[in-house]
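Peer 1: Structure below; questions to follow.
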2 protein chains.
Amino acid sequence: MKRNVKITLQYDGGRYKGWQKLGDNPNTIQQKLEDILEKKVGRNIPVIGSGRTDAGVHALGQVANFHLVTDETASQIQDYINAYLPGDIAVTEAIFVPEAFHSRYHVKEKIYSYRIHNDAIPFVFDRKYCHHVPEPLRLEPMREAMAMLEGTHDFLGFSSLKKTKKSTTRTLHSLTLEKEGPKLRFIFQGDGFLLHSIRIMMGTLLEVGFGTMKPKEIEEIFIKKVRREAGFTVPPQGLFLEEVRY
Amino acid sequence: MKRNVKITLQYDGGRYKGWQKLGDNPNTIQQKLEDILEKKVGRNIPVIGSGRTDAGVHALGQVANFHLVTDETASQIQDYINAYLPGDIAVTEAIFVPEAFHSRYHVKEKIYSYRIHNDAIPFVFDRKYCHHVPEPLRLEPMREAMAMLEGTHDFLGFSSLKKTKKSTTRTLHSLTLEKEGPKLRFIFQGDGFLLHSIRIMMGTLLEVGFGTMKPKEIEEIFIKKVRREAGFTVPPQGLFLEEVRY
């Protein structure tokens with residue numbers, strides 16, 4: 001039967017060049033999946049992701065789909081893929097969805113988290129899954145800046161995009177902070193994010209926390225739309241794609 | 001001044017041959033520390049650990065001490081060592097203690113945890129820090145067996161030791177289970193543990209959980225004192241030395 005298979009994926013991005021397959025580099029999550037499906041059915045099956053994740057970025061709930069003619073159950077397909085995936089990638093769910101479902105076009109909301117370990121001494125077991133910030137952070141101005149980032153804005157100044165004809169307006173539904181001792185988890189929920197946008201917003205928030213930027217500069221970046229006005233780009237290992245909602 | 005420095009250490013044991021230095025293999029935690037101290041003072045400073053951890057075993061609170069003539073503060077010594085340690089080892093505390101303190105002789109209690117991910121699908125971010133058990137586990141007989149392991153016993157049958165003249169009697173003060181969804185954390189508190197003892201007790205408990213052993217076989221292993229009567233040895237990556245008490 002013709003099936004449209006929707007899969008949910010976890011991956012430790014540390015070893016990979018990101019989600020998106022690249023002509024000259026096989027070391028991407030998408031390529032790993034397509035290689036396994038090609039081995040299974042003898043021809044290339046394009047795997048459509050909800051969007052790219054950059055090199056080194058992790059996923060707890062990336063979503064992808066692919067079309068297949070098969071008599072197997074979704075669970076058998078999941079088991080087959082998991083049997084061939086390396087230990088740092090796993091399919092946590094596979095279900096059949098209507099033929100028209102598209103992992104990228106139909107996204108309603110994406111949830112990312114950025115994890116920071118804010119203590120003089122790093123925590124060795126999190127070193128590949130958070131950004132270590134030894135300097136103390138002033139959380140009150142950071143919260144003020146977080147509130148200014150929420151809402152519908154042109155996020156071009158908070159991205160690595162060159163000028164583009166496509167819209168760079170997005171809605172950040174919410175930006176919240178969960179704090180557990182030295183562990184900070186910033187949760188970004190929005191309808192979509194531009195290239196490097198979360199890592200640049202996060203770097204900007206850190207500069208506010210260090211006192212080298214003021215919360216009100218957020219507004220100026222929205223107006224000027226110039227990347228160099230914003231803060232630095234934090235490293236990828238703290239970033240997790242948590243969930244994609246449809 | 002003459003100082004006895006007590007340090008508390010975290011390490012990800014994945015890359016190492018264990019705590020104890022080995023003549024022909026420099027890749028141990030103890031050797032890393034002695035190399036750094038030798039660089040600092042120009043001669044070998046023996047580092048005394050609370051005990052060995054095996055290859056691949058992790059520590060959240062290993063304790064060690066060493067004697068040094070220095071005018072620095074404990075915090076300066078800690079910073080020096082941390083500056084040279086690789087990212088998978090960190091000194092989380094350094095304090096001066098009385099000259100007579102000995103990390104191994106004066107141990108009152110050690111706390112280890114063994115972590116299991118009990119679900120059909122592994123959790124990729126824990127793959128180096130737990131043992132993945134896809135089969136369902138019967139927790140009730142496991143709890144019964146855990147209670148039988150507690151107390152003062154000759155643990156020789158639960159160890160890889162050859163016959164020895166030294167006492168193999170130890171007291172397991174408590175053995176408890178913390179469960180959070182598929183994550184199981186078995187906590188072993190005792191006055192000391194024989195070679196591979198926790199990993200063999202844990203393998204025995206898993207066999208009880210699978211139904212291939214009965215709780216009452218625990219008693220027989222205490223009586224027979226024969227390794228082959230006990231369960232398999234679980235892999236090292238689930239084992240953490242959590243704390244050493246003095």
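Peer 1: For a quick check of your reading of the model, give me the residue pairs whose first member lies in the range B:135-157 and is closer than 15 Å to B:G231 by Cα, whose second is loosely packed, with under 14 Cβ neighbours inside 10 Å and not charged (D, E, K, R), with beta-carbon atoms closer than 7 Å and at least 6 apart or on different chains.
Peer 2: B:G157/B:V226
Peer 1: Restricting to the range A:1-22, name every residue that is within 14 Å of chain B (Cβ to nearest Cβ) and not in a strand (DSSP E or B).
Peer 2: Correct list: A:D12, A:G13, A:G14, A:R15, A:Y16.
Peer 1: A follow-up question, please. Does B:L184 count as surrounded by 15 or more Cβ atoms within 10 Å (Cβ to Cβ), touching a helix residue (DSSP H, G or I) at 6+ places or on another chain (Cβ under 8 Å) and not hydroxyl-bearing (S, T, Y)?
Peer 2: No: the conditions fail for B:L184.
Peer 1: Mind listing whichever residues of the range A:159-185 are at pLDDT below 95, of a type outside the set (G, A, S) and more than 20 Å from A:V107 (Cβ to Cβ)?
Peer 2: Answer for the range A:159-185, where residues must be at pLDDT below 95, of a type outside the set (G, A, S) and more than 20 Å from A:V107 (Cβ to Cβ): A:K162, A:K163, A:K165.
Peer 1: For the range A:56-77, enumerate the residues that are open to solvent by 20 Å² or more (accessible area, probe 1.4 Å) and part of a helix (DSSP H, G or I).
Peer 2: Start the filter on the range A:56-77 by keeping residues that are open to solvent by 20 Å² or more (accessible area, probe 1.4 Å), which leaves A:60, A:67, A:69, A:71-73, A:75-76.
Answer for the range A:56-77, where residues must be open to solvent by 20 Å² or more (accessible area, probe 1.4 Å) and part of a helix (DSSP H, G or I): A:S75, A:Q76.
Peer 1: If you don't mind, another one. Just to be sure I understand, how many residues within the range B:158-181 are open to solvent by less than 80 Å² (accessible area, probe 1.4 Å) and farther than 21 Å from B:G231 by Cα? Explain how you work it out, then say what you get.
Peer 2: If we filter the range B:158-181 for residues that are open to solvent by less than 80 Å² (accessible area, probe 1.4 Å), which is where we start, we get B:158-161, B:164, B:167-172, B:174-177, B:181.
Subsequent filtering for residues that are farther than 21 Å from B:G231 by Cα retains B:164, B:167, B:181.
Adding up the residues that qualify gives 3.
Peer 1: Still on this structure: Take the residues in the range A:102-123 that are within 10 Å of chain B (Cβ to nearest Cβ) and not aromatic (F, W, Y), then tell me which one is nearest to A:D35 (Cα to Cα).
Peer 2: Among them, the one singled out is A:P122.
Peer 1: Turning to a different aspect of this structure: Note down all Cβ pairs under 6 Å where the first residue falls in the range A:72-101 and is within 18 Å of A:K39 (Cβ to Cβ), the second is of a type in the set (F, W, Y), and they're at least six residues apart or on different chains.
Peer 2: Hits for this filter: A:I89/A:Y11.
Peer 1: Filter the range B:124-150 down to residues that are under 17 Å from B:P236 (Cα atoms) and out of contact with any Asp or Glu (no Cβ under 9 Å at 6 or more places or on another chain) and give me whichever is least open to solvent (accessible area, probe 1.4 Å).
Peer 2: B:C130
Peer 1: Follow-up. Filter the range A:194-211 for residues that are open to solvent by 50 Å² or more (accessible area, probe 1.4 Å) and out of contact with any helix residue (DSSP H, G or I) (no Cβ under 9 Å at 6 or more places or on another chain) and give the result.
Peer 2: Selection gives A:L195, A:F210.
Peer 1: So in the range B:97-115, with the set limited to residues that are in a loop (DSSP other than H, G, I, E, B) and hydrophobic (A, V, I, L, M, F, W, C), which one is farthest from B:W19 (Cα to Cα)?
Peer 2: It comes out as B:A100.
The values are calculated or read from the model by the stated rules, or taken from the named source; none is laboratory data. On a predicted model such as this, the values are computed, not experimentally measured, just so you know. Positions of Cβ are backbone-derived with ideal geometry, glycine not excepted, and every protein chain shown enters the neighbour counts. Ligands, DNA and RNA are excluded from the accessible area calculation, which covers all protein heavy atoms including side chains. Shrake-Rupley method; radii C 1.70, N 1.55, O 1.52, S 1.80 Å.
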